[in-house]
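A short worksheet on the structure shown next.
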Amino acid sequence: MPIATLKQVLGEAKKKKYAVGGFNVNNMEQIQAIMLAAQKTKSPVILQASKGALAYTNLVYIKHLVLAALEENSNLPIVMHLDHGDSLETVKKAIGLGFSSVMIDASNKSFRKNVELTKKVVKYAHGFGVSVEAELGTLGGIEEHVKGAVKLTDPKQAIDFVDKTGIDALAVAIGTSHGAYKFKKTPKLALELVKEIAKNVNIPLVMHGSSSIPLNLRQQINRYGGKMPNAKGVPISSIQKAIKYGISKVNVDSDSRMAITATIRKVFKKHPEKFDPREYLGPAREEMTKLIASKMRAFKTAGHAKDYRVVSLKETKKRYR
Ligand code: G3H
Ligand code: 13P
Ligand code: ZN
């Protein structure tokens, strides 16, 4: 391949009933961890950067890190995706960098305004052959102790939204929320809603806030000086059920952050004399690779890289001029 659009990759995933992780990246080690995991498991990949990630890496760095990933992994289909774009301006920035996919998240606006902005983004992005993901509903928990207004996706409105906007993938709100403090106990997610939406909407569906917040990582962080309160994430079994019901993209960020932090804290506590960043960033990258590889297997992405037609790296690089 290696650059692919979200539409291509999720189209395959939907057809074959697996999901592709949308893994957030902010630096070289995270990109390398995801690519190593994809090589190990022979998986298609979605690297995604938020507006905050673009600001952190100062745009040009992310562009060249992605180029390095493409060059190093010419046997794998790789989507470069903007996560939670908030305006046409951010979308233009990402497309200018060579991203093959963007998310416009106007889910906090009224239905009319969400449609209006999403349509504008679709018109602009499709002009460059770039895919668009948009969101309908509001993330949050469906249990009363979880703060923040929750609005599960309305399946009838979803048909209208997809119809009016022409998007390529729809992010749905089914009771998950972003971050490491999602639920006090095992969550009740609206998984049946996925089934209902998938029956009516013909494009791939996306699940945000899908970190599992592994207990062993939280315990490791706290054992070595951290202070992460007790919380549960989304069990892998619920994600697998959601995939069976029609989810094709599963967004994960917090678990990667936890794997990195748990490893670095352990190295610092056990070896306070160490100060070479390679001696803690290296092991952190290794732990993140293991975590991502296990998700690629759990989401059934593993082994599917071979389903894609390979195009030349030269073609890919044209996008990144
Ligand atoms: O959904 C949000 C992602 O976890 C990205 O988070 O905005 O802190 O980069 P961020
Ligand atoms: P988590 O915070 O559960 O990892 O969710 C990440 C996400 O949805 C990115 O868009
Ligand atoms: Zn998200």
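The values are calculated or read from the model by the stated rules, or taken from the named source; none is laboratory data. What you see is a predicted model, and the numbers here were worked out from it, not measured in a lab. Note: ideal-geometry Cβ built from the backbone for every residue, glycine included; neighbour counts use all protein chains shown. For accessibility, only protein heavy atoms count, side chains too; no ligands or nucleic acids. Shrake-Rupley method; radii C 1.70, N 1.55, O 1.52, S 1.80 Å.
Of the residues screened, G209 is one that is under 21 Å from the mean Cα position of the chain (by Cα) and either farther than 25 Å from A171 by Cβ or not in a helix (DSSP H, G or I) (or both). Specify the residue that is farthest from ligand 3 (Cβ to nearest atom); the eligible residues are those in the stretch 39-61 that are over 10 Å from N26 (Cβ atoms) and open to solvent by less than 40 Å² (accessible area, probe 1.4 Å). This residue is T41. Here Q30 passes the criteria (1) part of a helix (DSSP H, G or I); (2) closer than 17 Å to M207 by Cα except the one numbered (2). In summary, P204 fulfils each of the numbered conditions (1) within 16 Å of ligand 1 (Cβ to nearest atom); (2) open to solvent by less than 50 Å² (accessible area, probe 1.4 Å); (3) closer than 27 Å to K113 by Cα with the single exception of condition (1). Being within 16 Å of ligand 1 (Cβ to nearest atom) and either touching a strand residue (DSSP E or B) at 6+ places or on another chain (Cβ under 8 Å) or over 22 Å from V201 (Cα atoms) (or both) holds for only one residue in A94, A37, and it is A94. Restricting attention to the stretch 226-243, does a residue exist that is open to solvent by 20 Å² or more (accessible area, probe 1.4 Å), part of a loop (DSSP other than H, G, I, E, B) and of a type in the set (A, V, I, L, M, F, W, C)? Within the stretch 226-243, one or more residues are open to solvent by 20 Å² or more (accessible area, probe 1.4 Å), part of a loop (DSSP other than H, G, I, E, B) and of a type in the set (A, V, I, L, M, F, W, C).
Scanning the stretch 244-260 for residues that are part of a helix (DSSP H, G or I) and of a type in the set (A, V, I, L, M, F, W, C), we see that the one that is most open to solvent (accessible area, probe 1.4 Å) is I260. Total residues in the stretch 107-139 satisfying the condition of being open to solvent by less than 30 Å² (accessible area, probe 1.4 Å), of a type in the set (S, T, N, Q) and within 16 Å of ligand 2 (Cβ to nearest atom): the figure is 2.
With respect to the conditions (1) open to solvent by 20 Å² or more (accessible area, probe 1.4 Å); (2) touching an Asp or Glu at 6+ places or on another chain (Cβ under 9 Å), S101 lacks only one, and its number is (1).
Is it true that P214 is crowded, with 16+ Cβ neighbours inside 10 Å, in contact with a Lys or Arg (Cβ under 7 Å, 6 or more places away or on another chain) and either at pLDDT 95 or above or of a type in the set (S, T, N, Q) (or both)? Outline the logic, then answer.
Details: crowded, with 16+ Cβ neighbours inside 10 Å: yes; in contact with a Lys or Arg (Cβ under 7 Å, 6 or more places away or on another chain): no; either at pLDDT 95 or above or of a type in the set (S, T, N, Q) (or both): yes.
Answer is no for this residue.
Out of the helices (runs of 4 or more DSSP H) lying entirely within the stretch 62-170, which hold 2 or more residues that are more than 16 Å from ligand 3 (Cβ to nearest atom) and farther than 21 Å from S50 by Cβ?
On the way: elements: 88-97, 111-126, 155-165.
Per the criteria, 111-126, 155-165.
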